[in-house]
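Each remark here refers to the structure printed beneath this line.
The values are calculated or read from the model by the stated rules, or taken from the named source; none is laboratory data. Model, not experiment: these values are computed from the prediction. Here the Cβ positions follow ideal geometry from the backbone for every residue, glycine too, while neighbour counts run over all protein chains shown. These area figures cover heavy atoms from the full protein model, side chains too; ligands, DNA and RNA do not enter into them. Shrake-Rupley method; radii C 1.70, N 1.55, O 1.52, S 1.80 Å.
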Amino acid sequence: MQDAQIIIDTARDYAYKAVNFALVKRNWLLGKRIAKEELAGEERAEYGSKIICNLADKLTELYGKGFDRSTLYKFLRFYKYFPQIVDSASPQLERLSWTHFRILLQVNDETARQWYAAEAAAEAWSVKTLQRNISSQYYYRLLQTNTPDAVKAEMETLTADYQTDKLEFIKNPVVAEFLGMSQNCDYLETQLESCIINNLQKFLMELGKGYAFVARQKRIVTEKNTYSIDLVFYNYILKCFVLIDLKTSAITHQDVGQMDMYIRMYDEKIRGEGDNPTLGILLCADTDEDIARYSVMHGSEQLFASKYLLYLPSEEELRAEIENQKMIFYLQHNSDK
């Protein structure tokens, strides 16, 4: 048994390192290529911007998403911030993922950035641990304190949960895209959430009110975080996107604020000419406490009240569907015991 475990763990570790090395090297080489083009154009801002815009359009046409302008700028900064990391075969190249390096790009102080990179590699920090330590100014707090051991111990306690996720790399959507695979949603949801979302997708399609399915676990990427929207539809009658997120606890103000962020980003990046404002629906599985909150961009309240509600499921319909799926789930769960 122990020999079998060693074989499996060794193979998995090898695969991790191979994929990680290829992804990081690709991004570094693209950044280097862009930098060389910039030098040819004497680093004029408008020249560099034009290069990146043209390259983004061509790469997106050939390879799909993952090569927009903001991402290519990150590749360029990656090369400029770590100009020797590939050529020198740095141990950081083996131990840090592209997501680690993307987070390190947030640090403008070169000394601090190199320290975070070295510590993350040496201590095997997870992505979440690295982000937490940068956001909390861990490097500077260590420099200023007279009790560095206490600061380090506190950090390790606060990030302990972040260090236990062995599937973090596998779940990384950037890696899934790099390998040409769709992300497995089962990693991201509890069994109950998955059951409800699976059937909500069918439920809305069967309402016959103009819904077309767009995506599940749709990624929204900001500078510091990656979010996933449970379901995205397009309603061709209303001419708008409909975003749906499910919560297993009572809906909070933070959840509403997050949905508003999703809506703003969708309207800014995806909504086309002629599309109406994006609509967001927050659902709560604890239907005794809360069922739904409908969100739409500010300034569109009249449109929402007079038109959108005609083609949305009512709170009663949503409550009944969620309760039905909860009952089926618990019956199946109990029968398996």
* So, of the residues in the stretch 126-152 that are out of contact with any helix residue (DSSP H, G or I) (no Cβ under 7 Å at 6 or more places or on another chain) and not in a helix (DSSP H, G or I), which turns out to be nearest to residue 113 (Cα to Cα)? -> 137
* Would you pick out the residues in the stretch 69-97 that are in a helix (DSSP H, G or I), open to solvent by 10 Å² or more (accessible area, probe 1.4 Å) and within 22 Å of residue 14 (Cα to Cα)? -> 91, 92, 94, 95
* Residue ID - modelled with the lowest pLDDT, chosen from residues in the stretch 159-168 that are open to solvent by 50 Å² or more (accessible area, probe 1.4 Å) and out of contact with any helix residue (DSSP H, G or I) (no Cβ under 7 Å at 6 or more places or on another chain) -> 166
* To do: Quick one: count up the residues across the stretch 221-251 that are modelled with pLDDT under 80 and either open to solvent by 60 Å² or more (accessible area, probe 1.4 Å) or under 19 Å from residue 70 (Cβ atoms) (or both).
  => 8
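Counting just the residues of the stretch 226-279 that are assigned to a loop (DSSP other than H, G, I, E, B) and free of Cβ contacts under 8 Å to residues at least 12 places away in the same chain, which one comes out nearest to the chain's Cα centre (by Cα)?
Residues of the stretch 226-279 assigned to a loop (DSSP other than H, G, I, E, B): 236-239, 248-252, 270-278.
Filter again for free of Cβ contacts under 8 Å to residues at least 12 places away in the same chain, leaving 252, 272-273.
Numbers: 252: 21, 272: 23, 273: 26 Å.
Per the stated criteria, the residue is 252.
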* Give just the number: which of (1) modelled with pLDDT under 85; (2) part of a helix (DSSP H, G or I); (3) touching a Pro at 6+ places or on another chain (Cβ under 8 Å) does residue 183 not satisfy? => (2)
* Asked: Considering only residues of the stretch 101-121 that are at pLDDT 90 or above, outside any loop (DSSP other than H, G, I, E, B) and under 20 Å from the mean Cα position of the chain (by Cα), which is surrounded by the fewest Cβ atoms within 10 Å (Cβ to Cβ)?
  -> 104
